[in-house]
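Below: one structure in structure tokens.
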Amino acid sequence: MSLSKIVARVFPALLLHAVVQAAPMPAPAQAAIKPVAAATASVAAPTPPAPGREIRLADMGAKPGAMRLTRLDGAAMISIPVSRRESLKSAILHLVATNSIALDSRSQLLVRLNDRTVAQLQLSARQPEITADIRLPLELLKPGYNQLFFRVAQHSQDNQCEDPNAPELWTEIDTSQSTLRLQSELKPVTPLLSDLNDLFDPKQNLAQKFNIITAAHPDSDDALIAGGMIAQGIGLKLRYAQAPISQVDARAGSGAGAVPGLQLTGLGDADNVLIGTAEELKPYLDGRILAQIRDSFLGLYPMPDGQHVMLVVSGTNAGQVTRAAQVFAWQHLEFPQQAQWNISDFTPPELPNYLPQANIATEGTYSFKQLGFNTAPVTTVSPATVNVNMPPDVYAQEDAQMEFHLNFSQGAMINSSMIINVYLNGVFQRAISVEERQGGFYDNYRMSLPLRHFRPGNNVLSFSPVIMSNHQCEQTGAIYMSLFDDSTVKVPFIYRFAQLPDLSRFASNVFPYVIHSDGNQLSLVVAGHDSATIGAAWTLLAKIAQKQTAPMAAAQVTFGKPTVNRHAIVVGSVGSLPADMLKDAPWTLEKNMIFAGASIPVATPTAESNWLHQQFNSMAGTNRSNTESTYLNTSVAGDAQLNRQLLVMQFRSRLIDKNTATVFVAGNPEQLLQGMRQMVSPPYWDNLAGDVALLSFGKAELATQRIGATYDQGSIGGPQYLGYMVSKYPWIWYCIVMLALLVLAWLSWRQLRAHLRRRQGQRNIEI
């Protein structure tokens, strides 16, 4: 039966969709994902920390450093995630702040949760340091993202004439010392497939673990691909949260529920995915479930503890199993409100290159609506933000401009004026002055920003209005402004060019592996058949899918060699890596190497880097050495010894037709899995750089260096390439220009001397 209503809501602006045909199964009576229980709470004096998870405010989306609140009514906001799957027992905000000693006794700090004031703290010049524990009312914390506002009412000691923008009006919240302590527990669930996005939820505060249980140990590429697709689905549903994935072989035992024949020891504290054909799963599954498997099959059941789930991915053959895994991976599909589903057909959408990662891929005019922005009121507290996602290999000419045409409205300003400050990635770009006193509508206001200011990947363009008083002692009122989503940006021609290796570009955009949205240029080589190596590879694949934001059905996951015209990612332990793969690596694990400091390359050139290239890099500032640096001082022993360390290298490999290879290697499979789980967490992944990175267990830092040769990916025109070389190696070109001037001066001097000799000879003849 065709279910035309069950379609993918994937990227509606592109009019892409997925078609699913299925034979639905009878649904259970009701899902038991219960709402969060209400509880009374109040502002309390300091209390002992509640057991559970403690999160720094700096890790909850706040900007690095202190949260600074300025002006008379400064404010800031962070989001508190709450999962439908959890029942909150306690939520305590531990607040550490400092205020200006110029504030008078009328000043105060308000803490608001979802538009409700939960605490008022006086700001005093006598006691400028604040430490408070605030118990957040649980009835205000709803499933989803809750808004926690900090708003100040600040007044100086000079009450006769108060400047709303006075520099002494400030309060700083220490986001590193301020924490949110959450105590929660998982609710009992009777899950339905429609609940998958609530079950695999990035907002969950309790630690999450995932086991992919295979009916037979994955010894074939087909098994790797199917399990890898499940890993991608887990990563995509978690969106930004870490996905620690383990590969587990199914073992016969005394189970319960949907899997009476499966050994459940060690599986009770995690969510599990059981994958295999119906014949392979026959010893483990309940007979009534086996009888329902007639095509690609998804079934979702509770674990015996009632808090975790078992997802069954099956089919009558390997192809149907892979198709079921693909359906699970598309997180934007509307899954039916039933526990079991036979899927007879699935057609994934075809996405253009560079999408969905980039919302601007080519030259043209884009509306803010296409970029994901919706018309909204704008205030100083909540500025308008537009996400401009550029291709990962964008190259900007010096004179290329992004031309914006803004449509906005603003309220009346009788005794004041408005300035709209424009920021790109937190850096001030320009200000828009609004002079209309009576208010009005601005249509097609033109503004330009250099394309070179936009970095590859995600860029945040924000518009923050500020009202300025025109007369001394005049007070300003509220800001009334709206930015409309029919505003547009005109994008110039975009060149596709980048210099590799670049682990930073890989971490932010997985470049150059996902230029094609379906992953047909990616080959993930698993250099080991053991469960730990496979789990590490699937964990990495989940992270890559998160960066791509869509499943990569055409990606190759293999125990063998990459196919032609693919870039390769190799995951393995020392001794299992293909020996010929490391021939072109910047370090072949044969000699000792010392990481002198983070992002400070070594001074010794390798065989791949000739002297001239090293001089270019040195003068350009990209290959500096610093023998006195002791920032990390991490040493790596040669002779293939990596003890409690994970090494990442990127280079161009002749083995894969001079395409890019990125290698993840550790001393043994167990350390590889442990290191990979640590590496994919944001503090480490977001700091990858250079062409070699080293993660040492037990250290908070990541050592990075650039020691190998660089190469170009993509192409640009001759004049543009000349400009690129001039901008990259300015000192070399300065020397070339100086040398040319010296040669020209020398030639001119010779010509002048010859001319003077001729004239002197003519005079002697005349005499």
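The values are calculated or read from the model by the stated rules, or taken from the named source; none is laboratory data. Not measured: the values here are computed from a predicted model. Quick reminder, even Gly has a Cβ in these numbers, built from the backbone with ideal geometry, and neighbours come from all protein chains shown. Note: areas computed on protein heavy atoms with side chains; ligands, DNA, RNA excluded. Shrake-Rupley method; radii C 1.70, N 1.55, O 1.52, S 1.80 Å.
Does region 217-255 hold any residues that are within 28 Å of Gln204 (Cβ to Cβ), among the aliphatic types (A, V, I, L, M) and assigned to a strand (DSSP E or B), and which are they?
Within region 217-255, Ile245, Val248 meet the criteria.
On to the next question. With the requirement that a residue be among the hydrophobic types (A, V, I, L, M, F, W, C) and surrounded by fewer than 23 Cβ atoms within 10 Å (Cβ to Cβ), what does region 239-257 give you?
Taking region 239-257 first, the residues among the hydrophobic types (A, V, I, L, M, F, W, C) are 241, 243, 245, 248, 250, 252, 256.
Hits for region 239-257 are Ala241, Val248, Ala250, Ala252, Ala256.
Okay, next question. How many residues are under 16 Å from Phe506 (Cβ atoms) and in contact with a Ser or Thr (Cβ under 8 Å, 6 or more places away or on another chain) if we restrict to region 527-551?
2
Continuing with this model, one more query. What pairs can you find where one residue is in region 442-465 and acidic (Asp, Glu), the other is modelled with pLDDT of 90 or more and assigned to a strand (DSSP E or B), and their Cβ atoms are less than 7 Å apart, with a gap of 6+ or different chains?
From region 442-465, the pairs are Asp443/Asn407.
Applying the selection to region 536-595, what residues are of a type in the set (Val, Ile, Thr), closer than 23 Å to Leu655 by Cα and assigned to a strand (DSSP E or B)?
Val557, Thr558, Ile569, Val570, Val571
So Val111 fits all but one of (1) farther than 30 Å from Pro191 by Cβ; (2) open to solvent by 30 Å² or more (accessible area, probe 1.4 Å); (3) free of Cβ contacts under 8 Å to residues at least 60 places away in the same chain; what number is the exception?
(2)
Of everything in region 451-477, what is assigned to a strand (DSSP E or B), in contact with a Pro (Cβ under 9 Å, 6 or more places away or on another chain), among the polar types (S, T, N, Q) and at pLDDT below 90? Give them in sequence order.
So the first thing to find is which residues in region 451-477 are assigned to a strand (DSSP E or B), and the list is 457-469.
This time we only want the ones that are in contact with a Pro (Cβ under 9 Å, 6 or more places away or on another chain), so: 457, 462-465, 467-469.
Still in the running and among the polar types (S, T, N, Q): 462, 464, 469.
If the condition is that a residue be assigned to a strand (DSSP E or B), in contact with a Pro (Cβ under 9 Å, 6 or more places away or on another chain), among the polar types (S, T, N, Q) and at pLDDT below 90, then Ser464, Ser469 are the ones that fit.
Out of the residues in region 436-450 that are within 19 Å of Phe404 (Cβ to Cβ) and open to solvent by 80 Å² or more (accessible area, probe 1.4 Å), which is modelled with the lowest pLDDT?
Filtering region 436-450 for residues that are within 19 Å of Phe404 (Cβ to Cβ) and open to solvent by 80 Å² or more (accessible area, probe 1.4 Å), the one modelled with the lowest pLDDT comes out as Phe441.
Follow-up. Out of region 409-432, which residues are at pLDDT 85 or above, open to solvent by less than 10 Å² (accessible area, probe 1.4 Å) and closer than 12 Å to Met481 by Cβ?
Ile420, Ile432
Is it true that some residue in region 559-566 is open to solvent by less than 20 Å² (accessible area, probe 1.4 Å) and not aromatic (Phe, Trp, Tyr)? Walk me through how you get there before you give the answer.
Pass one, region 559-566, residues open to solvent by less than 20 Å² (accessible area, probe 1.4 Å): none.
No; the residues of region 559-566 include none that is open to solvent by less than 20 Å² (accessible area, probe 1.4 Å) and not aromatic (Phe, Trp, Tyr).
Out of everything in region 250-269 that is among the hydrophobic types (A, V, I, L, M, F, W, C) and out of contact with any Ser or Thr (no Cβ under 8 Å at 6 or more places or on another chain), what residue ends up being nearest to Trp341 (Cα to Cα)?
Step one: filter region 250-269 for residues among the hydrophobic types (A, V, I, L, M, F, W, C), giving 250, 252, 256, 258-259, 262, 264, 267.
Narrowing the set further to residues that are out of contact with any Ser or Thr (no Cβ under 8 Å at 6 or more places or on another chain) leaves 252, 256, 258-259, 262, 264, 267.
On the way: Ala252: 25, Ala256: 21, Ala258: 15, Val259: 17, Leu262: 22, Leu264: 24, Leu267: 24 Å.
Ranking the qualifying residues of region 250-269, first place goes to Ala258.
Listed here are the residues, each with its yes/no results for (1) at pLDDT 85 or above; (2) closer than 24 Å to Ile515 by Cα; (3) in contact with a helix residue (DSSP H, G or I) (Cβ under 7 Å, 6 or more places away or on another chain).
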position: Val692; (1), (2), (3): yes, yes, no
position: Gly717; (1), (2), (3): no, yes, no
position: Ser727; (1), (2), (3): no, no, no
position: Val737; (1), (2), (3): no, no, no
position: Leu744; (1), (2), (3): yes, no, no
position: His755; (1), (2), (3): no, no, no
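Across region 386-408, which residue is nearest to the chain's Cα centre (by Cα) among those that are surrounded by fewer than 16 Cβ atoms within 10 Å (Cβ to Cβ) and more than 23 Å from Ser715 (Cβ to Cβ)?
The residue in question is Asn387.
Now for a different question. Please work out which residue is nearest to Phe454 (Cα to Cα), limiting yourself to region 321-358 and to residues that are open to solvent by 30 Å² or more (accessible area, probe 1.4 Å) and part of a helix (DSSP H, G or I).
Here the answer is Gln326.
When you check Met310 against the structure, is it crowded, with 22+ Cβ neighbours inside 10 Å, in contact with a strand residue (DSSP E or B) (Cβ under 6 Å, 6 or more places away or on another chain) and not charged (D, E, K, R), yes or no? Explain how you work it out, then say what you get.
Numbers: crowded, with 22+ Cβ neighbours inside 10 Å: yes; in contact with a strand residue (DSSP E or B) (Cβ under 6 Å, 6 or more places away or on another chain): yes; not charged (D, E, K, R): yes.
Yes: the conditions hold for Met310.
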